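Beneath this line is the structure, given in structure tokens, with notes to follow.
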Amino acid sequence: MPKKMLKNMSEIRRFFHRNEDPIYFISATNFNLLGIDEWCKNFKYICYIDCYDGRHPNVFCPSEQPHAEFQSIEDINNYLLQHKEVIDFVKRRGGNPKFVFLMFDEETERLAKELGAVVWFPSAELRTSMDNKIETVRVGNKAGVPSVPNVLAEVTSYKNLRETCEDAGVGHDLVLQSAFGDSGHTTFFIKSEEDFRRHADEIIGQGEIKIMKRIDCRGSAIEACTTSTGTIVGPLMTELVGFKELTPYRGGWCGNEIFATAFPKKVRQKARELTFKFGEQLRKEGYSGYFELDFLIDTKTDEIWLGELNPRITGASSMTNHAAFAHADAPLFLFHLLDFSKVKFDLDISELNSRWADPDMIDSWSQMVVKHTDDSVDIITEAPQTGIYKMHDDGRVVFDRFDYHRRAVESENEAFFLRIQKPGDYRYEGADLGILVTRGRSMTKNFELNDRAKKWIHGIKNAFVATPLPAADAGPVFSEPAFKIL
């Protein structure tokens with residue numbers, strides 16, 4: 001650990017290139033922190049799913065052991081931390097291990113402590129508190145970051161909902177969100193009693209619900225890192241939401257785009273200002289490190305409303321950490337590691353944020369999370385491997401070469417595919433097949449999937465071959481998981 005204060009990006013990069021303490025990202029896959037191992041010496045991935053067939057030098061996947069059915073990413077991580085091969089791997093490499101996760105709970109913290117490791121994230125208890133969508137509204141209000149006109153209340157019936165909304169003045173064309181859960185599963189669009197009846201079991205008895213006025217908006221995402229010297233803010237990204245080619249879930253996240261002119265300049269600047277203010281308030285709440293905000297941008301007025309907080313790395317993190325500004329300075333996640341390392345550093349955060357807001361620091365990329373969208377269950381017999389794919393002039397998508405670097409994509413006619421499901425896996429509605437990363441946009445100016453994106457999706461999906469299951473077996477063989485692994 002350096003004794004002197006780090007004062008510029010060169011010293012920060014050198015610090016990580018000479019890092020001696022082993023740091024591990026433990027999760028289902030390494031997708032969220034793809035490439036961080038090339039910035040930080042002694043950074044390794046411990047994963048449940050081997051997306052690379054053993055060919056990634058810094059990914060360790062233990063052999064499969066009997067386990068209870070996973071109900072969450074936390075279950076996966078707790079399984080890994082109790083796996084003898086993982087314990088031996090961590091102990092063999094020695095040092096003072098540090099663990100980072102996508103998701104973890106108190107049991108994960110206990111298991112990490114047993115291994116002599118330190119978790120480099122705020123506590124699970126604090127993260128859970130901040131992850132509560134009801135609490136997000138309150139933190140935002142304190143920070144001066146407004147949410148869509150809303151009321152927070154328990155809902156006991158449709159009549160009760162209407163009365164609550166009348167008192168609050170938010171109308172009756174509504175979007176309801178429960179305190180926790182993925183937006184594709186716990187966001188409900190309610191305009192009539194029929195809509196309410198369809199989701200009543202998921203709304204009644206769930207405690208306080210966020211009841212929002214429904215607006216015509218575009219989804220967006222922005223990641224940031226609040227540190228001891230201030231909040232560092234990444235670029236505003238578009239979100240791909242609910243496309244039937246990618247996800248069976250209405251309102252479900254299925255990718256992002258990053259490009260300099262994603263939204264008008266005033267919108268981008270306002271989003272950055274609000275994110276900085278939110279990050280500074282998070283620090284007052286005791287939270288530090290990486291986080292992501294979803295903003296809802298009104299298509300008619302360009303007003304910006306706070307959607308939700310993810311107090312963690314996210315599915316958009318590989319986009320943020322691979323942008324041009326990240327290669328020019330350092331990936332945003334390195335500042336998270338720097339802050340938790342307790343090394344003293346003194347950077348002009350205002351100057352850094354200004355530089356990262358420069359359109360010249362942002363190149364154009366898109367990622368699409370490809371799910372199985374048919375209402376069917378089968379067993380995969382062939383799956384496209386991770387690597388670089390090419391699209392021919394006639395729209396055919398073919399494998400070109402193995403690689404685990406996104407930057408190996410040279411043109412818009414190439415894509416990086418990270419395979420999630422492999423031969424032998426069950427393919428069911430909502431299953432993550434893999435992630436497609438391309439240069440350029442995947443949506444039109446009207447925020448619809450463009451033709452090129454549709455061809456890429458079709459080509460990759462067609463590369464999967466599966467054997468149907470008899471109808472009698474399909475039900476009990478595999479039930480839809482209540483969580484996403486990305």
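Numerical summary
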{"item": "Linear extension gain, E69 paired with R162, 0.36 nm per residue minus alpha-carbon span", "result": "29.5 nm"}
{"item": "Fully extended contour minus Cα-Cα distance, from K4 to H405, at 0.36 nm per residue", "result": "141.0 nm"}
{"item": "Probe 1.4 Å, accessible area per residue of the range 98-174, Å²", "result": "43"}
{"item": "Residue among M9, P66, V90 farthest towards the positive dipole end of the range 1-100, charges placed on Cβ", "result": "M9"}
{"item": "Ranked packing of 400-408, 115-123, most packed first, by mean Cβ within 10 Å", "result": "115-123, 400-408"}
{"item": "Dipole magnitude of the chain, debye to nearest 20 (Cβ charges: Lys/Arg +1, Asp/Glu -1, about Cα centre)", "result": "1580"}
{"item": "Computed [θ] at 222 nm, helices only, for the chain once each DSSP H run of length n ≥ 4 contributes -39500 (n - 2.57)", "result": "-8500 deg cm²/dmol"}
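The values are calculated or read from the model by the stated rules, or taken from the named source; none is laboratory data. For clarity, every value in this text was computed on a predicted model and none was experimentally measured. In this analysis, Cβ positions are derived from the backbone assuming ideal geometry, glycine residues included, and neighbour counts consider all displayed protein chains. These area figures cover heavy atoms from the full protein model, side chains too; ligands, DNA and RNA do not enter into them. Shrake-Rupley method; radii C 1.70, N 1.55, O 1.52, S 1.80 Å.
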